[in-house]
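Presented below is the structure to which this report refers.
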Amino acid sequence: MKKLINDVQSIVPQMLAGLAMAHPQIALLAGQQVALRADVEAIKARGEVALVSGGGAGHEPAHAGYIGPGMLTAAVVGDVFSSPSTDAVLAAIHAVAGPGGVLLIVKNYTGDRLNFGLAAEIARAEGWAVEMVVVADDVALAAQGDHAGRRGLAGAVLVHKIAGAVAAAGGTLAQVRAAAADAAAAIGTMGVALTPCTVPAAGRPGFELAADEVELGLGIHGEAGVRRSAIEPADAIVAQLLGAIVADLALVAGDRVALLVNNLGGTPAMEIAIVTRAAVAQASALGLRVERLWSGGFLTALEMAGVSITLLRLDDQRLAALDAPAQAPAWPGAAHGAVRSAPQVFPGRASTAQPAAQPGPTGHASASMLAAVCSALLAAEARLTQLDQVVGDGDLGISLARGARAVLAECAGYPLHDTAATLRALSATLRRAVGGTSGPLYSIGLLRAAVVFEAGPSSAAQGLARALHEASVGIAEVGGARLGDCTMLDALIPAAQGAAAGQSLVQALQNAVAAAAQGTLDSAALLPRRGRSSYLGQRAVGHVDPGAQAVWVWLDALRGSLAG
């Protein structure tokens, strides 16, 4: 792997620092991977609606490149191809929220929906006006399919532009939300990859393509697409992409459209121009009126060679919003400011961390179990990453290892003598440290488990079984999955059932581990219906679910700690 980076832990902070140095109108939020407009206080004073978007890094210039007048107020950036944590999104909301309220524009990935959605709920409970619009413009997937839902792709950039124009013109939160939602419903995108890309922390491509193969209908996280085919001339590939979009949007001759041709990261400008020429010619041949055209790198997938095409159905209001002035660095025609020697940094909220408590005898046992679980997840990082590269986006092992390191760093401050309070502290650590889908799901599961121990189960074995069960219920409710969907629940639910048959804590854990192991192995025969593996369909069958494998890993570590 050859990349101009220093170390994988510093990629996002250093990337954001460089962006803010080159564009002084962008500032950073202290202690968070959040970029925001340097004039944010003036925005609040005017009562303007603040727009917040974001997602994993690796899509540059999205999302921080679209911060500026007429577009985004802030962007929350997770690690590469990993959703930012709930706490990072909440910090961004706190930094930009004013009388006008906040609109979150989120691409339709489970981790993004969970983390942005949970942050919105917390902010609303605090009294802030926060709304959320989800962009799902991927026409490669059926609107009502057996998968995790249509993905958000490059069309999100045009949604940012339209919402930003309405906000800059003084629109209310309801008006800005309506404009964004209407645009999201009128947009369609489909992409093709000629090569995979390499997540720096993984060190290897997420999938492989033969020299004469392309991947059609892929997402933007290095995951494989919905169909693989032989390479064809550019015009033929454009015809496939454009035809799928036109059919999905039910466009007919005479319809007005905006066209966005997006470089996925590693395509030469020459080839992008050839695709642009074909897309305009073919759209016009279909009788479509192409009234606006953009071509270039707008929302990428690291160094992936490939392209996506987006069509947006136009009316007078959307066209006026697209034409409205904008001064974001990555939006064409933006005015660039002077170079800065260091980024401007805004202070975040003060930390609410509590002094470390001294563990008693029970606390020492809890510390040993936590250490065992964290060590097991760190040791399994490479294996989980490898599994997730096959059926997902390759970040599961990396994310859980990050969470394990955070727990090891913070567990001395946990109230280890109190099981319920420790579970709540664990939930807060993972909510803050782990993005993607894993962070909020484990956070919710731990909170549900804490409630069990607060009620005082009659025995340790009963407490374990009920905690695993309630965690499963919470994760299923929030994530929308169930047993048999090929997710972590295919290990967690059997583990809860196995633990319920144990007469002692040791026996309950042994039963839970055995059931989780069997559930994980059985997941290889399942057709995925949730998570990123659901986009692969039959191609994911034969591979165990990485999330289920992770449950097996930490449960077995708990068993080993107790047995030792």
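Structure notes:
- Cut-off under 5 Å, modelled amide H: who pairs with M132 long-range: L104
- The range 384-389 - phi-based ³J(HN,Hα) in whole Hz, Karplus 6.51/-1.76/1.60, Gly and Pro as x: 5, 5, 4, 4, 6, 5
- Working from Cα pairs under 8 Å separated by at least six residues, relative contact order for the chain is 15 percent.
- For A496, neighbours were defined as the other residues whose beta-carbon sits under 13 Å from its Cβ, and their charges (Lys and Arg +1, Asp and Glu -1) total 0.
- Pairs of alpha carbons in the range 201-306 whose separation is greater than 23 Å (percent): 30
- Net charge in the neighbourhood of V40 (other residues with Cβ under 14 Å of its Cβ; Lys, Arg +1, Asp, Glu -1) is 0.
- Rounded to whole Å, the principal axis extents of the Cα atoms in the range 259-307 read 35, 16, 12, largest first.
- By the rule of a C-alpha distance below 12 Å, with chain neighbours fewer than 8 residues away ignored, the aspartates and glutamates paired with K3 are E303.
- Prolate/oblate/rounded label for the range 264-338 (Cα gyration tensor, a/c 1.5): oblate
- Inter-part distance where the range 499-518 and the range 264-321 are each reduced to a Cα centre, Å: 55
- If the chain linking S375 and Q503 were pulled fully straight, counting 0.36 nm for each residue of separation and taking away their Cα-Cα distance, it would gain 43.3 nm.
- The phi torsions of the range 205-216, fed into the Karplus equation with coefficients 6.51, -1.76 and 1.60 and a -60° offset, translate into couplings of x, x, 7, 10, 10, 5, 4, 10, 10, 10, 10, 9 Hz, rounded to whole numbers, with Gly and Pro shown as x.
- Counting protein heavy atoms only, the range 126-267 has 54 percent of its accessible area on carbon and sulfur, 1.4 angstrom probe.
- Under the combined filter of DSSP loop state and at most 12 neighbouring Cβ atoms within 10 Å, the range 89-163 retains these GluC sites (Glu not before Pro): E126.
- Which labelled figure in (i) 29.1, 96; (ii) 28.6, 90; (iii) 23.8, 77 is Rg and Dmax of the Cα atoms in Å, once derived from the coordinates: (iii)
- Net charge of Cβ neighbours under 11 Å - reference L209; Lys, Arg +1; Asp, Glu -1: -3
- Rounded to the nearest 10 square angstrom, F207 shows an accessible area of 20 square angstrom against a 1.4 Å probe.
- In this structure, the amide hydrogen of I26, modeled 1.01 Å from its nitrogen in the peptide plane, lies closer than 5 angstrom to those of A38, counting only residues at least 5 positions away or on a different chain.
- In plain terms, the chain from K2 to V290 could stretch by 99.7 nm, reckoned as 0.36 nm per residue minus the Cα-Cα distance.
- Sequence-distant lysines (8 or more away, or on other chains) whose Cα lies within less than 19 Å of K107: K161
- Pairwise Cα inverse-distance average, inverted: Kirkwood Rh of the range 24-75 (Å): 11.2
- Residue (of A64, V40, G78) at the positive-pole extreme of the range 22-91, dipole from beta-carbon charges: V40
- Pairwise centroid distance, computed over Cα atoms, of the range 1-62 with the range 114-188, Å: 20
- Per residue, in Å², the accessible surface of the chain once ligands and nucleic acids are set aside, probe 1.4 Å: 38
- Nearest 10 degrees, 0 to 90: helix 505-522 Cα axis against the chain principal axis: 30
- Using a probe of 1.4 Å on the protein chains alone, the accessible area found for D323 is around 80 Å².
- The modelled label-to-label distance for the pair T172/R124, using points 7 Å beyond Cα in the direction of Cβ, is 1.7 nm.
- Between 0 and 90°, nearest 10: helix 11-22 axis offset from the chain longest Cα axis: 40
- Cα long-axis angle, helix 419-433 against the chain (0 to 90 degrees, to the nearest 10): 20
The values are calculated or read from the model by the stated rules, or taken from the named source; none is laboratory data. The model shown is predicted, which means the values in this text are computed figures rather than measured ones. Glycine gets a Cβ as well: all are built from the backbone with ideal geometry, and neighbour counts include every protein chain shown. Protein only, heavy atoms only, side chains kept; ligands, DNA and RNA dropped before computing areas. Shrake-Rupley method; radii C 1.70, N 1.55, O 1.52, S 1.80 Å.
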